[in-house]
Amino acid sequence: MQLDGETVHLRSPSQAIQAGVVLVPEDRKQQGVVVEHRIEDNLVYGNTDLLHSGNWVLPKGLHEFARNAISRLGVKGAPEQRIDSLSG
């Protein structure tokens, strides 16, 4: 596979994510989020390997990860806000 002009050999989903490959479903509202859950919950669903210690996801790490992702992605909302309360 070519990524940014370079050949990459991805052997796992985590390698793909680390390389910047993501899945954007055709219907993001139906397939891309759990609308009844908070923004921070939805952000962590595909990234638990980045936030765990042993078998636990640490709340402090979750909040920090969510705040950084919200800022980086330009999301207008707070980490604890439910997805279904957002416009668009």
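Quick note: the coordinates plus some simple rules give every number you see, no bench work behind them. Since the structure is predicted, the reported quantities are computational estimates derived from the model, not experimental observations. Backbone-built Cβ (ideal geometry, glycine too); neighbour counts: all protein chains shown.
Which distance in nm do the two modelled labels at L10 and E64 give, with both placed 7 Å along the Cα-to-Cβ direction?
Roughly 2.7 nm, to one decimal.
Expressed as an acute angle from 0 to 90° and rounded to the nearest 10, what is the orientation of the C-alpha long axis of helix 59-73 relative to the principal long axis of the chain?
Once rounded, one gets 70 degrees.
What residue among N68, N47, N55 has the largest mean-square fluctuation in a Gaussian network model of the chain, using Cα springs under 10 Å?
Taking springs between Cα atoms under 10 Å, the residue moving most is N55.
Mind sorting E64, E6, E40 by how few other Cβ atoms lie within 10 Å of their own Cβ, fewest first? Mind dumping the intermediate values first?
Numbers: E64 14, E6 8, E40 21.
Ordered by Cβ neighbours within 10 Å, fewest first: E6, E64, E40.
Assign unit charges at the C-beta atoms only (+1 for Lys and Arg, -1 for Asp and Glu), then state the dipole size of the chain relative to its Cα centre in Debye, rounded to the nearest 20.
So the magnitude is around 180 debye.
What is the ratio of the Cα radius of gyration of the chain to 2.2 N^0.38 Å, where N is its residue count, to two decimals?
Working: Rg = 14.6 Å, N = 88, 2.2 N^0.38 = 12.1 Å.
The value comes to 1.21.
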